[in-house]
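The values are calculated or read from the model by the stated rules, or taken from the named source; none is laboratory data. Values in this document were obtained by computation on a predicted structure and should not be read as measured data. FYI the Cβ positions are ideal-geometry reconstructions off the backbone, even for glycines, and counts take in every protein chain you see. All accessible areas refer to the heavy atoms of the entire protein, side chains included, with ligands and DNA or RNA removed. Shrake-Rupley method; radii C 1.70, N 1.55, O 1.52, S 1.80 Å.
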Amino acid sequence: MSSESDIHLYTTQTPNGVKISILLEELGLPYKHTKIDISKDTQKEPWFLAINPNGRIPALTDKFTDGKPIRLFESGSIMQYLVARYDTEHKLSYPEGSREAVEVANWLFFMNAGVGPMQGQANHFTRYAPEPIVYGINRYQNETRRLYGVLDKHLSEAKTPYLVGDNCTIADIAHWGWISAAGWAGIDIESFPSLKAWEERMWARPAVQKGANVPDPYRMKELLTDKAKMEEHAAKSREWVQKGMREDAEKEAKRGGN
């Protein structure tokens with residue numbers, strides 16, 4: 001039974017991508033990483049689809065306990081695997097079956113089913129749509145604000161430094177990249193003081209800063225202070241996002257015989 005790791009992370013500089021590099025840094029695990037250039041559709045190449053059939057980052061490979069390679073995709077699945085296998089001292093988790101472990105799972109899935117998808121859509125309609133669609137912008141910004149309000153209220157009432165007690169867990173790490181980029185989605189973090197304090201507490205952790213700079217330097221905080229740079233970055237991203245959407249639509253139309 002092998003206990004050695006052989007972790008290879010496939011990622012890029014996005015809120016989902018940095019979740020895993022931050023967790024790996026927090027765990028102090030050795031790992032290799034490959035940058036996936038989503039602007040060039042690297043994630044749709046056959047070799048990557050063999051790791052993640054959905055063609056999305058992050059993805060990860062490791063040597064499993066039987067000594068053979070194993071693939072992992074979907075950030076929540078990767079995070080649960082890493083702590084279950086490697087966080088034996090529960091530095092970033094709680095013992096399985098404990099009340100706290102259940103609560104961590106609550107907030108992890110709140111992130112994966114709520115904050116991530118809603119804020120992702122807010123990002124799209126605010127920054128990447130070819131023309132302003134007011135309904136889409138309002139719908140997803142308002143839902144993101146609502147979810148931020150849930151987090152803010154929880155942190156205020158729990159009076160704990162992290163989402164579940166005194167330990168930073170995968171629930172916190174999963175949220176950080178999105179909350180730190182609130183302004184990119186058109187959300188004013190100042191409206192959520194407890195959540196803002198939590199984000200600053202997370203950013204003060206050395207492993208968060210180190211992991212956030214994988215595979216490229218983390219620039220979001222700097223970007224959000226300069227409106228002109230934000231617009232320039234959005235314009236460049238909008239171009240390849242729209243190109244990718246057109247190509248996907250054409251591919252699906254051919255498959256459907258339309």
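The order of the peptides 240-253, 192-205 by mean Cβ neighbours within 10 Å, most packed first, is 192-205, 240-253. Summed over the residues of segment 145-210 and divided among them, the accessible surface reaches 39 Å² per residue at a probe radius of 1.4 Å. Checking the cross-link pairs 153/243; 91/227; 91/159; 44/236 against a 32 Å limit on the alpha carbon distance flags 153/243; 91/227 as lying beyond it. For the chain, compute Rh as the Kirkwood radius over C-alpha pairs and then the Stokes-Einstein diffusion coefficient at 25 °C and 0.890 mPa s; write the answer in µm²/s, rounded to an integer. Estimated via Stokes-Einstein, D reaches 127 µm²/s.
222 nm [θ] for the chain, helices only, -39500 (n - 2.57) per DSSP H run of 4+, per residue, to 500?
-16500 deg cm²/dmol
Running a GNM on the chain with Cα contacts under 10 Å, which residue among 177, 211, 97 ends up with the highest mean-square fluctuation? Sorting by GNM fluctuation, first place goes to 97. In loop segments of segment 69-110 as defined by DSSP, the trypsin sites (Lys or Arg not before Pro) with at most 16 further C-beta atoms inside 10 Å of their C-beta are 91.
What the phi angles of segment 32-44 give under the Karplus curve with 6.51, -1.76 and 1.60, with θ = phi - 60°, is a coupling list of 9, 9, 10, 6, 9, 7, 5, 6, 10, 6, 4, 5, 9 Hz, glycine and proline written as x. Restricting segment 1-61 to GluC sites (Glu not before Pro) that sit in a DSSP loop and have at most 15 other Cβ atoms within 10 Å of their own Cβ leaves 4. Average projection, convex hull of the Cα set of segment 118-188: 4.7 square nanometres. Taking all Cα pairs closer than 8 Å and separated by 6 or more residues, the relative contact order of segment 160-201 comes to 32 percent.
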